[in-house]
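**Student:** Would you mind keeping the following structure in view while I ask a few things?
The values are calculated or read from the model by the stated rules, or taken from the named source; none is laboratory data. Computed from a predicted model, the values in this text were never measured in an experiment. Backbone-built Cβ (ideal geometry, glycine too); neighbour counts: all protein chains shown. The accessibility values were calculated without ligands, DNA or RNA, using every heavy atom of the protein model including side chains. Shrake-Rupley method; radii C 1.70, N 1.55, O 1.52, S 1.80 Å.
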Amino acid sequence: MMKKGEIMQKIMHRIYTVCLVILEKVDARNTAFKRVTHKVTRKVYDKAFYAAFGVSAYDYDYWGEGDND
């Protein structure tokens, strides 16, 4: 039986995946609807990404893209 945390992580991963599809479809942002949809979906994507993977999508040090000095 799955624990509550595992279920929530799977749900957030699914939301993250759906957000990626939506962001690909409204990438042009040439209409007001697409701009608003992109903005809202991006906020949901950020929260779902953090919940699913435990790190921010913008954590460059974690992803190995930080300063290499």
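**Student:** Condition first: aliphatic (A, V, I, L, M), surrounded by 12 or more Cβ atoms within 10 Å (Cβ to Cβ) and under 26 Å from Trp63 (Cα atoms). Can you find one or more residues in the stretch 30-40 that meet it?
**Tutor:** We begin by selecting, within the stretch 30-40, every residue aliphatic (A, V, I, L, M); these are 32, 36, 40.
Pick out the ones that are also surrounded by 12 or more Cβ atoms within 10 Å (Cβ to Cβ) and you get 36, 40.
Those still in the list that are under 26 Å from Trp63 (Cα atoms) too: 40.
Yes.
**Student:** Moving to a separate point now. Limited to the stretch 1-29, what total is found for residues that are surrounded by 14 or more Cβ atoms within 10 Å (Cβ to Cβ) and polar (S, T, N, Q)?
**Tutor:** Matching residues across the stretch 1-29 total 1.
**Student:** Then there's this: Filter the stretch 41-51 for residues that are touching a helix residue (DSSP H, G or I) at 6+ places or on another chain (Cβ under 6 Å) and open to solvent by 30 Å² or more (accessible area, probe 1.4 Å) and give the result.
**Tutor:** Filtering the stretch 41-51 down to residues touching a helix residue (DSSP H, G or I) at 6+ places or on another chain (Cβ under 6 Å) leaves 41, 44-45, 48-49, 51.
Val44, Ala51, listed by residue number.
**Student:** Can you pull out the residues in the stretch 15-53 that are within 8 Å of the chain's Cα centre (by Cα) and among the aromatic types (Phe, Trp, Tyr)?
**Tutor:** Residues satisfying the conditions are Tyr16, Tyr45, Phe49, Tyr50.
**Student:** Is it the case that some residue within the stretch 41-61 is in contact with a Ser or Thr (Cβ under 9 Å, 6 or more places away or on another chain), assigned to a loop (DSSP other than H, G, I, E, B), on the phi > 0 side of the Ramachandran plot and of a type outside the set (S, T, N, Q)?
**Tutor:** Looking through the stretch 41-61, none of the residues is in contact with a Ser or Thr (Cβ under 9 Å, 6 or more places away or on another chain), assigned to a loop (DSSP other than H, G, I, E, B), on the phi > 0 side of the Ramachandran plot and of a type outside the set (S, T, N, Q).
**Student:** Taking the residues in the stretch 13-34 that are hydroxyl-bearing (Ser, Thr, Tyr) and either in contact with a Phe, Trp or Tyr (Cβ under 9 Å, 6 or more places away or on another chain) or part of a loop (DSSP other than H, G, I, E, B) (or both) as candidates, determine which candidate is farthest from Tyr45 (Cα to Cα).
**Tutor:** Of the stretch 13-34, the ones hydroxyl-bearing (Ser, Thr, Tyr) are 16-17, 31.
Among the residues that remain, those that are also either in contact with a Phe, Trp or Tyr (Cβ under 9 Å, 6 or more places away or on another chain) or part of a loop (DSSP other than H, G, I, E, B) (or both) are: 16, 31.
Numbers: Tyr16: 6, Thr31: 21 Å.
Top of the filtered list is Thr31.
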